[in-house]
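Taking it in order: structure first as structure tokens, then the write-up.
No lab work stands behind these numbers, since they all come straight from the coordinates. Quick caveat, the model's predicted, so the values are computed rather than measured. Here Cβ is always computed from backbone atoms with ideal geometry, including for glycine, and neighbour counts include all displayed protein chains.
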Amino acid sequence: MADQLLLSLGPRPESLPGRYVRPAPQRPRLSDVDTSASIPVIDLTAGDDPQIVAQIGSACRSNGFFQVVNHGVSSELVMKMRKIAGEFFRLSAEEKMRLYSDDVGKKVRLSTSFNVKKEEVHNWRDYLRLHCYPLEEYLPSWPQKPVAFREVVSEYCSEVRRLGFRLLGLISLSLGLEEDYILRALGEQEQHMAVNYYPPCPQPELTYGLPAHTDPNALTILLQDPHVAGLQVLRPAGKWAAVDPHPEALVINVGDQLQVLSNGRYKSVWHRAVVNSEKERVSVAFFLCPSNNAVTAPAEQLIGEKSPAMYRSFTYGEYYKKFWARNLDQEHCLDQFRSYNC
Ligand code: OGA
Ligand code: NI
């Protein structure tokens, strides 16, 4: 029984089990994906240089996605994070099943697909989900193995949080807001992490690692597998584009909360992860989230006669509940929060 709950427990099937097979119109059509698209790479060396602010603004407006290099998270730590993430999924079945849960409300859990209790078709992914802030509160319930897990992941969380705050400052400036506007609006930000494990898949053209979705939080910082591609983003013209791994870059995307705060100027763009038949892929997604009681609303300065408020205000607690109550790939969760003016 247990060995059917997580893909990473094996054995690997020769053909894709029916519960992972998408109906024909929903399949990824891998041959239609643009593999030569370039997602902007922004060098953060120069601090808050107006040029960086302009580059970030332009990337958030057009793609909702960009990559950063010289981001301040040490390459040694990134290497350790990647190593420990891979090792985690090689732990014994007994060790992993101790952490398994299909309860999406649990703050530390190892699970599979997205929301197995709710969805009709599953996704070819296992994931470890951790709440990480405040660290002292969650650290005691994190995995104890591999041995260095808690040490490496907590250091990674602190460094990436620092980077996230810096980016939110630059994003505020790029919207013409005060540098700390978004930081103040989001309150004492929570921080969640998903370590995603996508095993080789016998029929990748029939399924997803993660189907098209937008991220419900404010800002996502993704560490891709350096060798195996899988992340794809929907471009404004309606074509899916692959985000090829860049060995030194972290991938940044605008989440739903920033789309609201920016009154729709910045887009929380649809993205997905596809799988492949040859290689496993590991990615580490880091989500900055407003505190549960922070109220998200379009910034006053971005509301005007020609740009009325596109969304009503809401707390993140309310939003987050709605997000997990849906299937991942149905309509944009934000559509449920549109203002009646529009
Ligand atoms: C996510 C996500 C993409 C990837 O975890 O929200 O979009 O490449 N992951 O794993
Ligand atoms: Ni995502």
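Cross-link partners of K322 among lysines, defined as those whose alpha carbon lies under 27 angstrom from its own and excluding same-chain residues fewer than eight positions apart: K106, K107, K117, K118, K267.
The alpha-carbon of K80 sits under 19 angstrom from the alpha-carbons of these aspartates and glutamates, leaving out residues fewer than 8 places away in its chain: E151, E155, E159, D225, E248, E280. This model, with +1 at the C-beta of Lys and Arg and -1 at the C-beta of Asp and Glu, gives segment 31-337 a dipole about its Cα centre of some 480 debye. Judged by the gyration tensor of its Cα atoms, with axes a ≥ b ≥ c, segment 48-128 is oblate; a/c meets the 1.5 cut and b/c is at least as large as a/b. Rounded, prolate or oblate: which fits segment 1-153, taking a ≥ b ≥ c as square roots of the Cα gyration tensor eigenvalues, rounded meaning a/c under 1.5, else prolate when a/b beats b/c? Oblate, since a/c reaches 1.5 and b/c is not below a/b.
Measuring spread by the Cα atoms of segment 210-342 yields a radius of gyration and Dmax of 16.0, 54 Å.
Computed extension gain for D180 through R326, at 0.36 nm per residue and net of the alpha carbon distance, reaches 49.3 nm. Straight-line cross-link reach from K145 at under 15 Å between alpha-carbon atoms covers these aspartates and glutamates, not counting any fewer than eight positions away in the same chain: E87, E94, E95.
Taking Cβ atoms as reference points and 14 Å as the exclusive limit, the residues near Y266 contribute a net charge of +1, counting Lys and Arg as +1 and Asp and Glu as -1.
Computed from label points 7 Å out along Cα-Cβ, the spacing between A54 and E151 is 4.6 nm.
Sorted on the mean count of surrounding Cβ atoms within 10 Å across their residues, most packed first, peptides 268-275, 331-338 read 268-275, 331-338. Distances between placed amide hydrogens fall under 5 Å for V69 paired with I42, D43, L44, all partners being 5 or more residues away or on another chain. Highest-first packing order for the peptide set 26-33, 183-190, 122-129 is 122-129, 183-190, 26-33, based on the mean count of other beta carbon atoms within 10 Å. Measuring nothing but how far apart in sequence close Cα pairs (under 8 Å, 6+ apart) lie, relative to its length, segment 156-237 scores a relative contact order of 24 percent.
Net charge of the neighbourhood of P290, taken over other residues with C-beta under 12 Å away and scored Lys/Arg +1, Asp/Glu -1, is -3. Sorting 101-114, 195-208 by their mean Cβ neighbour count within 10 Å, with the most densely packed peptide first, gives 195-208, 101-114.
Give the shape of segment 31-337 as rounded, prolate or oblate, defined through the alpha-carbon gyration tensor: a ≥ b ≥ c are the square roots of its eigenvalues, a/c under 1.5 means rounded, and otherwise the shape is prolate if a/b is larger than b/c and oblate if not. Cα axes put segment 31-337 in the rounded bin.
In the chain, helices alone account for a calculated mean residue ellipticity at 222 nm of -7500 deg cm²/dmol, with every DSSP H run of four or more residues adding -39,500 (n - 2.57).
Here the gap between T45 and E300, fully extended at 0.36 nm per residue and compared with their Cα-Cα distance, gives a gain of 88.7 nm.
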